[in-house]
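A quick write-up on the structure given underneath.
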Amino acid sequence: MMFAEELAVFPSRYAGHLFLSLSAILTGLAVSIPLGIHAASRPRLSGPALGVASLVQTIPGIALLALMVPVMGGRIGFWPAYAALALYSLLPILRNTIVGLQGVDGALKEGALGVGMTARQRLTQVELPLAGPVIVAGLRTACVWVVGAATLSTPVGAESLGNYIFQGLQTRNWGAVLFGCLVSAGLALILDQVIRLFELSAERRSRRLALFGTAGLALILAPLVLTLGGSGSGERLNRDFNVAAEPLAGRTITLAAKAFTEQYILAELITQRLEAEGARVDLRQGLGSAIAFDAIIRGEVDIGIDYTGTVWTTLMDREDVPPRAVMYAETSAWLLEEHGALAFAPLGFENAYAYAVTRETAARLDLISVGDLAGKGLTLASDPEFFGRAEWTRTRDIYGLGALRTRGMESTFMYEAVANGEVDVITAYTTDGRIDAYDLVLLEEPAGALPPYDAFIILSPDAAEDRALQAALAPLASAISSEMMRNANGKVDLERASVRQAADWLSDEIEP
């Protein structure tokens, strides 16, 4: 069942990955080869050009991708991923072009001029053919780098084979992780060999090798052509906005999901509701909190699921912790007044942070409240985002937790880490079924330093005025209890059900 679901979305993910990779590689070629030709005979230029390209290469791929979002005005999806990967492709092609041209024997250059060749003829008929194998080697290296790095484009909203890896990591579906890795690696290796076949065919003047290369290229491109040819023509909700009373049938609505199990389940649940009304859903999964929010307020995404505590502390930069009802009201007002976005419907449950330890650790160290963690030389693990939030600094300062050693890690691994004793404390999510499964104890937090995290549906400024869309989402308002969400999460994280199966179960629980 899970394999069938993964296979169903394979064509679009593969096509997205391939189109993104090829676009970046072709751009790298278009920039690097002319620049390399120009710089090869100018030492003052070749050094700085290679230095800049090398500097880009030292930036971690995930960081470069994230940086492209603000650089491109907050846009998500194809364009920031394309820009980052194009930059990533520059160094090997540029370096090999310069090295290859500079390695051509000087006597051959002089001889070419001696027989009456112009500088242009010498370049195209002597230098480039001789430097060709070195340049092609750079292209092959760039292909492997870019195809591999493209799997990191999921957090900026670009569909790729990385969707398998990121979603599989969060939902502990190791088959999906392995599938995404193997297909990506296979694509890189096959593309590398296709380029090699074309190189050999040109070198040996072999039509047979060229035919094999063409067949390999056709095999690689087939899913891309089929996907592009079969893509729907539905318009984005916020690109043709005169839809206040227009039915959802035939329209394309974009939905954002952050990178953890609960968000994947809720996104699938909303997708099912919208598709039942005839809409086509463009799902952007694995986004970071800030990237998802910016995409919603800019109208690139129509719907998302957010939490009051996230908006309150990270976006509104508030440090006080009012009652839940007050926080939701003020958060809703701020979203509407500052950004035109609508906190459409609270879903009915809270998924907050809570400090958790094993029952054995609680008994051994007499841990009851968060303050009891002070001065014991313990290690605290949390998702990396938490340590950048105001609630961490607030709890640290209120309870004197400055001596805690902190470790950032994916939430997928936190629960096993604390259960195995690799860390002492984690910041668990209160709707996570693994709290009960691992028999963890949630420490009391009497000072109220941690804000409430009530889940709600957030709509973009355009979607905020769409009555048909809101009518489709209305049954979800206050329909999901914390226990229901915890059970749904547990089906994926513990019982190895698929996200769709968990969403189906949740949908059945919601129905009267």
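Where a number appears in this text, it was derived from the coordinates with a stated rule and is not lab data. Keep in mind it's a predicted model, so treat the numbers as computed, not measured. Note that each Cβ is placed from the backbone with ideal geometry, even for glycine, and that neighbours are counted across all protein chains shown.
Considering only DSSP beta bridges where both residues belong to the chain, give the percentage that are antiparallel (nearest 5). All intermediate terms of the calculation are to be shown ahead of the outcome.
Values: 17 of 32 bridges.
Taking every DSSP beta bridge within the chain, about 55 percent pair in antiparallel fashion.
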Treat each spin label as a single point 7 Å out from the Cα along the C-beta direction, and report the residue 221 to residue 62 distance in nm. 3.4
Grab the alpha carbons of the range 2-230, take their convex hull, and tell me the volume per residue in Å³. 142
Calculated from backbone phi, Karplus (6.51, -1.76, 1.60) coupling profile of the range 262-269 in Hz, x at Gly/Pro: 4, 5, 4, 5, 5, 5, 5, 4
When ranked by the protection proxy of mean other Cβ atoms within 10 Å per residue, highest first, what sequence do the peptides 309-315, 36-42, 505-511 form? 309-315, 36-42, 505-511
Taking N as the number of residues in the chain, the ratio of its alpha carbon radius of gyration to 2.2 N^0.38 Å works out to 1.14
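At 0.36 nm per residue, minus the direct Cα-Cα distance, what do residue 437 and residue 107 gain on full extension? Give it in nm, one decimal, please.
Numbers: separation 330, 0.36 × 330 = 118.80 nm, distance 7.50 nm.
Full-extension gain reported as 111.3 nm.
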Residues in the range 196-225 that a label on residue 9 would reach, taking backbone N under 11 Å of a point 7 Å out along Cα→Cβ: none
Please determine, in degrees from 0 to 90 and to the nearest 10, the orientation of helix 324-334 with respect to the longest principal axis defined by the Cα atoms of the chain, where the helix direction is its Cα long axis. 40
Label point distance in nm, residue 44-residue 79, each placed 7 Å from Cα along Cα→Cβ: 3.7
What shape does the range 353-442 have by the C-alpha gyration tensor, where a ≥ b ≥ c are the square roots of the eigenvalues, rounded means a/c under 1.5, and otherwise prolate means a/b greater than b/c and oblate the rest? oblate
Gained length - residue 206 relative to residue 369, 0.36 nm times residue gap less alpha-carbon distance: 51.1 nm
What percent do you get for the relative contact order of the range 373-465 when only Cα pairs under 8 Å and 6+ apart count? 32
Size of the dipole of the chain about the Cα centre, Lys and Arg at +1 and Asp and Glu at -1 on the beta carbon, nothing else charged, in debye to 20? 3040
Packing-based exposure ordering (other Cβ within 10 Å, fewest first) of 383, 320, 432: 320, 383, 432
Hey, if you put +1 on the Cβ of every Lys and Arg and -1 on every Asp and Glu Cβ in the chain, which of 181, 89, 482 ends up farthest toward the positive end of that dipole? 89
For residue 509 and residue 190, extending 7 Å from Cα along the Cα-Cβ vector and measuring point to point gives, in nm, a value of 4.1
Taking the Cα of residue 403, stepping 7 Å toward and past its beta carbon, and measuring to each backbone N in the range 355-391: which are under 17 Å? 365-380
